[in-house]
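> After the structure tokens below, expect a handful of questions from me.
The values are calculated or read from the model by the stated rules, or taken from the named source; none is laboratory data. If you're wondering where the values come from, they're calculated on a predicted model, not measured in any experiment. Glycine gets a Cβ as well: all are built from the backbone with ideal geometry, and neighbour counts include every protein chain shown. Each accessible area value is taken on the protein alone, full model and side chains, heavy atoms only, with ligands, DNA and RNA left out. Shrake-Rupley method; radii C 1.70, N 1.55, O 1.52, S 1.80 Å.
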Amino acid sequence: MSTKLGIIGSPVSHSLSPAIQSAALRAAGINASYYRWETPLPELSARIASLREQDCLGANVTIPYKQTVLPFLDEVAPLAGEIGAVNTIVNNQGQLIGYNTDGSGFLAALEESGFSVAGKGFLLIGAGGAARGIAFALRQAGAGLLAISNRTPDRAETLASEVDASPVAFGHPVSLYDCVVNCTSVGMQGPDAKAALPYDLATAKPSTLIVDIVYTPEETGLIKSARAAGLPCLGGLPMLIHQGALAFELWTGRPAPIETMREAAREVLSSSEHQS
Ligand code: ATR
């Protein structure tokens, strides 16, 4: 029987998940199709209900529904419950179980880049679903100093109190940290967007790793500034690949073909660069 999967969000047109998951399913010889499920809010409930169908393995969830979907699920895995955000839903015989692979995907990407988390100081920019996943993952992995800043300060305060972090002002100096992580969607506006984040990278220690979790464009405004300042940096692609690999393993129970997934993402990114 052919089965289906998809990504639920709005917008989902930019998402690389269909390409990487389709490539992974093909490489693993699994007869399933992965769809883009563009979902306006009034259709969210019906969309989630449709995941219970026998031929559906589950779904990914993206902006803006990672927090909204929780009440629609039958069960939420402990880490996803703590985070309060779900990016992966598994259909287990009509029962929907929510997971969060963003945080673990982020840790796997940092590890792959050679950066070890234990005892290091982090400044997170953003306090949405993605930031929550990363903040809880960093705490669990033994991060030292953890500071959170957000355009809307209340959200930073709430998240900081949950992960024993310090809420700091939007635009806070980056000089104290070993790693700065942009967990906002600002980078999606493109490298030359006027809406640059108000952080001065010139004051960073030379070894400070600058991370942007956005992967389209692959070089966001923040990554461009980091490169210009000579700082080490990491774009959102490795995290996307690792969160996708963990989701694939949850849906299929099979090891994810990580290099196939990475190649598929790179192929789409390079062809869309040629078009624009
Ligand atoms: P996700 O689940 O992907 O994290 P989200 O919950 O909608 O999505 O969170 C988006 C994050 O990007 C938030 O931290 C948001 O800041 P606010 O809490 O102030 O809304 C941040 N963000 C989005 N657009 C922004 C902008 N133009 N400037 C600064 N921060 C922005």
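> Quickly run through the range 24-46 and pick out the residues that are part of a helix (DSSP H, G or I) and open to solvent by 60 Å² or more (accessible area, probe 1.4 Å). Spell out how you get there, then give the answer.
Start the filter on the range 24-46 by keeping residues that are part of a helix (DSSP H, G or I), which leaves 24-27, 41-46.
Answer for the range 24-46, where residues must be part of a helix (DSSP H, G or I) and open to solvent by 60 Å² or more (accessible area, probe 1.4 Å): ARG26, ALA27, LEU41, PRO42, GLU43, SER45, ALA46.
> Ok, one more. Which numbered condition trips up GLY114, out of (1) more than 13 Å from the ligand (Cβ to nearest atom); (2) out of contact with any helix residue (DSSP H, G or I) (no Cβ under 9 Å at 6 or more places or on another chain); (3) in a helix (DSSP H, G or I); (4) not β-branched (Val, Ile, Thr)?
Just one mismatch for GLY114, condition (3).
> Let me ask something additional. Kindly indicate the residue of the range 81-100 that is among the β-branched types (Val, Ile, Thr) and in contact with a helix residue (DSSP H, G or I) (Cβ under 6 Å, 6 or more places away or on another chain) and also farthest from the ligand (Cβ to nearest atom) among those meeting that condition.
Just the residues of the range 81-100 that are among the β-branched types (Val, Ile, Thr), to begin with: 83, 86, 88-90, 97.
Imposing the further condition that a residue be in contact with a helix residue (DSSP H, G or I) (Cβ under 6 Å, 6 or more places away or on another chain) reduces the set to 83, 86, 88, 90.
On the way: ILE83: 10, VAL86: 10, THR88: 13, VAL90: 19 Å.
Checked the range 81-100; the qualifying residue farthest from the ligand (Cβ to nearest atom) is VAL90.
> Let me spell it out: the conditions are (1) closer than 21 Å to ILE20 by Cα; (2) assigned to a helix (DSSP H, G or I); (3) over 19 Å from the mean Cα position of the chain (by Cα), and ARG254 meets all of them except one. Which number is the exception?
(2)
> Could you give every pair whose Cβ atoms fall below 9 Å, whose first residue belongs to the range 86-108 and is in contact (Cβ under 8 Å) with a residue 60 or more places away in the chain and open to solvent by 20 Å² or more (accessible area, probe 1.4 Å), and whose second residue is of a type in the set (S, T, N, Q) and in a loop (DSSP other than H, G, I, E, B), counting only separations of at least 6 or pairs across chains?
Correct list of pairs: TYR99/ASN87.
> Among the residues of the range 206-239, which ones are part of a helix (DSSP H, G or I) and within 20 Å of LEU269 (Cα to Cα)? Walk me through how you get there before you give the answer.
Initial filter on the range 206-239 (part of a helix (DSSP H, G or I)): 221-228, 237-239.
Answer for the range 206-239, where residues must be part of a helix (DSSP H, G or I) and within 20 Å of LEU269 (Cα to Cα): GLY221, LEU222, ILE223, LYS224, ARG227, LEU237, PRO238, MET239.
> Does the range 206-232 hold any residues that are open to solvent by less than 30 Å² (accessible area, probe 1.4 Å), away from the ligand (no atom under 16 Å from the Cβ) and out of contact with any Cys (no Cβ under 8 Å at 6 or more places or on another chain), and which are they?
LEU231
> Out of all the residues in the range 47-80, which are away from the ligand (no atom under 16 Å from the Cβ), assigned to a loop (DSSP other than H, G, I, E, B) and crowded, with 22+ Cβ neighbours inside 10 Å?
Across the range 47-80, the qualifying residue is only LEU51.
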